[in-house]
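What follows is calculated from the coordinates using simple rules that are stated; it is not laboratory data. The shown structure was predicted, so the numbers you read here are calculated from the model rather than taken from an experiment. No Cβ is skipped: glycine too gets one built from the backbone with ideal geometry, and neighbour counts run over all protein chains shown.
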Amino acid sequence: EALSPADRALIDRRAKALGPAYRLFYDQPLHITRSEGVWLWDKDGRRYLDAYNNVASVGHCHPRVVEAITQQLGVLNTHTRYLHENVVTYAERLLATMPDALGHVMFTCTGSEANDIALRIARSYTRREGVIVTRLAYHGLTEAVAELSPSLGEFTPRSPRIRLIDAPDTLRIPEAQQGAKLAADLAQAIAEMRADGIEPAVFIVDTIFSSDGLHPDPAGFLQPAVDLIRAEGGLFIADEVQPGFARTGDAFWGFQRHGLVPDMVTMGKPMGNGFPLSGTAMRPELVQEFGEKARYFNTFGGNPVAAAAGMAVLDVIADEGLQDNATAVGGFLKSGLQDIATRYPEIGHVRGAGLFLAVECVTARETNAPDAARAKFVVNHLRQNGVLISATGPGANVLKIRPPLVLQQAEATLFLDAAEAAFAAARAEGV
Ligand code: PMP
């Protein structure tokens, strides 16, 4: 399939208007125009199964979310310095999904902002500057959190305040060593930081390590590292932008899979099902002084429309049993992928929790060397056959499968058939 002249022209206009920093997915970029549930349609009416989107997490254009947003937008939408019932009720309901220790939540518009305000509060509370992140983490785009996002590459500068440690690796490190290794690496990073006169303020991780290649197992392995950062006087921030809001099936929040209570929790993406809404929850004492001396104002963050969107998302997750659906359909999908792996040794590992799954492509199971070319081929083959995923991880060889939580078994079966066909085609074409 070649790119149409119209799409070619749009790509050129896009580059001219938006500049060079933007990227498009796929060798043949997708031009989508509408959506519903787990489905997207391109401008020619062709249908795609969205197995990648954790923003439209309760399904694209979910009628209850659309209705809640539209209704509130037609009544009142203003900045956040007036009294309004929605935002308070929403905050209470959100906090009720979390451990009691997390007593306040502050609203923002993007995951980046949620991490940025978390970092400011953590640094002001601890009177320290140092932050430890994993080697391929992504925590956002502002000047402060881009520093915490080594996955942005070498061009993004990082001050000595930031130290990197290896992420867990579910395939290459034995499960029993995962927790101890992470804690040992953290200890070393703290020692090196201190040798340079910098005290550790924060250890922050995405609790499912999405951009590091998705490392969910064994649940609980985060505990020793979290104990350590606290023993050293720092705080633990759980970045729940990816695993939060029931995605893992096991728990509503990724940190709960690890049996943890973080000092702060940041969240975003699926929170408003596409309406910009994010937030930072925290232990109340952390923000006491900051609140008194620094104040907080966010023009759009947690306005009445955002709160209506967030509330509708919580309602849909509960009323449609989406956490259980993530467990059931995610489990079905995972065992189907494991079955494919019995026929394709090119698949080195299948892992995941709920509806967040990874398939790691390797050149050989003996070496587990990453096979980025195969992953890229599979991603593009799936796209040509109407199924959307992407690839991630340090070797760009980990297929990232993250459909809306409303995925049903019939659609999962369709996914599995397309995935097997893609691996077969890769083999036939000698990739
Ligand atoms: N944290 C994580 C783990 C993320 O995946 C992302 C977005 N990819 C962010 C933070 C930043 O969120 P946003 O793009 O909404 O600023």
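The requirement of being β-branched (Val, Ile, Thr), touching a residue at least 12 places away in the same chain (Cβ under 8 Å) and farther than 28 Å from Ala396 by Cβ is not satisfied by Ile204.
Which helices (runs of 4 or more DSSP H) sit wholly inside the stretch 248-337 and have at least 1 residues that are of a type outside the set (D, E, K, R) and within 16 Å of the ligand (Cβ to nearest atom)?
Values: elements: 254-257, 284-293, 304-319.
Counting at least 1 such residues, we get 254-257, 304-319.
For the stretch 229-241, taking the residues that are surrounded by fewer than 22 Cβ atoms within 10 Å (Cβ to Cβ) and not in a loop (DSSP other than H, G, I, E, B), the one that is farthest from the ligand (Cβ to nearest atom) is identified as Ala231.
All conditions but one from (1) surrounded by fewer than 21 Cβ atoms within 10 Å (Cβ to Cβ); (2) within 20 Å of the chain's Cα centre (by Cα); (3) part of a helix (DSSP H, G or I) apply to Gly395; the one that does not is (3).
Could you pull out the residue among Leu10, Leu18, Leu40 that is within 22 Å of the chain's Cα centre (by Cα) and more than 22 Å from Thr299 (Cβ to Cβ)? Exactly one residue qualifies, and that residue is Leu40.
Sort out which residues of the stretch 199-228 are under 29 Å from Tyr52 (Cβ atoms), aliphatic (A, V, I, L, M) and surrounded by fewer than 24 Cβ atoms within 10 Å (Cβ to Cβ), and write them in order of number. The one that is under 29 Å from Tyr52 (Cβ atoms), aliphatic (A, V, I, L, M) and surrounded by fewer than 24 Cβ atoms within 10 Å (Cβ to Cβ): Ala219. Taking helices (runs of 4 or more DSSP H) as the structural unit, those lying wholly within the stretch 78-186 and holding at least 1 residues that are within 16 Å of the ligand (Cβ to nearest atom) correspond to 111-126, 143-146.
The set of residues in the stretch 70-93 that are crowded, with 21+ Cβ neighbours inside 10 Å and among the hydrophobic types (A, V, I, L, M, F, W, C) contains only Val87. Taken residue by residue, the stretch 242-257 has no member that is over 14 Å from Thr97 (Cα atoms), in contact with a helix residue (DSSP H, G or I) (Cβ under 9 Å, 6 or more places away or on another chain), of a type in the set (A, V, I, L, M, F, W, C) and buried (at least 24 other Cβ atoms within 10 Å of the Cβ).
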